[in-house]
Amino acid sequence: MKLLFVGTNPENTGAASHFVALAQAMAAAGHQVGAVVYPDGLIWQGLSQSEVRRYGAKFRNVFDLRGYVAVIKAARQLEADWLVGNFGKEYWPLILIGRLLRIPVALFRHRTPPMKRISAWLIPRLAQRFLAVSQHARQAYLDRGVPGSLVRVLYNPVNTAQCRRDPRQRRAILRSLGLDEDAIVLGYSGRMHRGKGIFPLFEAASAAMAEQPRLHCLWLGDGPDGPALRALAAADVTASRHHFLGWINDIHPYYSALSMLAFPSIATETFGRVSVEAQAAGVPVLGSDLGGIPETLQTGVTGLLLPPGDVAAWREAILKLCDPALLASMGAAAHDYVEQHFSMRVIASRFLQILTGG
């Protein structure tokens, strides 16, 4: 099958990571894949080491004629069987181009509504396939009156080889932080704002540190509330055990250094790619029982689901996972779980089934 992905968003977002991983997954599965992407942007760079043929273009908005020309040219060169879109600004252009060239269109939606009400009603009906990235996101469209038969679910694929745990990387990272090899490292990765639950997590982690002297917290990311969190940590008696590394473009090596990952959001999440990637590296996850997060782990087996913002419950869960035997068993189960449900091979197969009517 010949697939033309279109995603000219230059920013580093979850939708961009999904775009890269799915395009790579389909190419690895033997399909001919092209991608119209922002020149030298993060998606362009992410596809540089793959078999995906790249076409540089900038789609500024629905009226950008140069974007239309670039997509039409690429679709004709590739002789595309499907057009695949990931970003809202390209939904209508792809639908129009699909009609013009008589090529079916598959569109992914990474956010729960709102879209503009007219678009939210029309786009799932006009695209040949409309896909949400979780059951939680799908339900949001059903609640808007979109028929269930029009909204499919396809989870984010994860490159499990890229997430493979490396003991040498763990030792090197721990050494760079001045930590012993027997340190227990709780990790957080993502934007730092209140909706991500970073402040209740800090309270819970600091309280757990009072009982577990080997526990440290590794903070990867930044955002509007990052300065406030760092100031709070600096004034706490546990300051030396909170390690802030800022924004990391390639987080994959750091999964090897983690004993457990926290996904503590108090605002609804559509999915949770970082949860799946961490489990692929054999890292159990503590996740908020909220939105699409429960779909990313098997509670009690690969991690634990917890009440959002409940400091006492998170403290107890962190201490529970400080047990080496439990960490080992959950970590092994987590890796197997991702291989079976979110690996590139599994998701590529499922996407092909969806496109061919299965």
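Taking the numbered list (1) closer than 19 Å to Ala106 by Cβ; (2) in contact (Cβ under 8 Å) with a residue 12 or more places away in the chain in turn, Ser149 passes all entries but (2). Taken together, the criteria exclude Gly226 from residues that are open to solvent by less than 60 Å² (accessible area, probe 1.4 Å), at positive phi, free of Cβ contacts under 8 Å to residues at least 60 places away in the same chain and not acidic (Asp, Glu). Residue pairs whose Cβ atoms lie under 8 Å apart, sitting 6 or more positions apart in sequence or on different chains, and linking a residue in region 302-316 that is assigned to a strand (DSSP E or B) to a partner that is open to solvent by 30 Å² or more (accessible area, probe 1.4 Å), are Leu304/Lys320; Leu305/Asp289; Leu305/Pro294; Leu305/Thr299; Leu306/Asp289.
Of Arg164, Arg191, Arg170, all but one fail to be in a helix (DSSP H, G or I) and either within 24 Å of Gly272 (Cα to Cα) or small (Gly, Ala, Ser) (or both); the exception is Arg170. Residues in region 141-160 that are open to solvent by less than 50 Å² (accessible area, probe 1.4 Å) and either within 15 Å of the chain's Cα centre (by Cα) or under 30 Å from Asp336 (Cβ atoms) (or both): Val151, Val153, Leu154, Asn156, Pro157, Val158, Asn159, Thr160.
Against the definition (surrounded by 22 or more Cβ atoms within 10 Å (Cβ to Cβ) and either modelled with pLDDT under 95 or not β-branched (Val, Ile, Thr) (or both)), how does Gly303 come out, yes or no? Spelling it out, Gly303 is indeed surrounded by 22 or more Cβ atoms within 10 Å (Cβ to Cβ) and either modelled with pLDDT under 95 or not β-branched (Val, Ile, Thr) (or both). Within region 12-37, count every residue that is open to solvent by 10 Å² or more (accessible area, probe 1.4 Å) and more than 20 Å from the chain's Cα centre (by Cα). Total satisfying the criteria: 4. Exactly one residue out of Lys73, Lys2 is of a type in the set (Lys, Arg), touching a strand residue (DSSP E or B) at 6+ places or on another chain (Cβ under 9 Å), open to solvent by 40 Å² or more (accessible area, probe 1.4 Å) and under 20 Å from Gln128 (Cα atoms): that is Lys2. In region 76-88, the qualifying residues are those that are in contact with a helix residue (DSSP H, G or I) (Cβ under 9 Å, 6 or more places away or on another chain) and part of a helix (DSSP H, G or I), and the one that is surrounded by the most Cβ atoms within 10 Å (Cβ to Cβ) is Gly88. In region 299-323, what count of residues is obtained for those that are closer than 21 Å to Arg164 by Cβ and more than 19 Å from the chain's Cα centre (by Cα)? Of the residues in that region, 1 qualify. Only residues that are open to solvent by 10 Å² or more (accessible area, probe 1.4 Å), under 24 Å from the mean Cα position of the chain (by Cα) and at pLDDT below 90 were counted in region 117-139, giving 0.
Hey, any hits in region 331-344 for a residue that's assigned to a strand (DSSP E or B) and open to solvent by less than 50 Å² (accessible area, probe 1.4 Å)? Among the residues of region 331-344, at least one is assigned to a strand (DSSP E or B) and open to solvent by less than 50 Å² (accessible area, probe 1.4 Å), which makes the answer yes.
The values are calculated or read from the model by the stated rules, or taken from the named source; none is laboratory data. These numbers come from a predicted model, not from an experiment. Glycine also receives a Cβ, built like all others from the backbone with ideal geometry; neighbour counts cover every protein chain displayed. Ligands, DNA and RNA are excluded from the accessible area calculation, which covers all protein heavy atoms including side chains. Shrake-Rupley method; radii C 1.70, N 1.55, O 1.52, S 1.80 Å.
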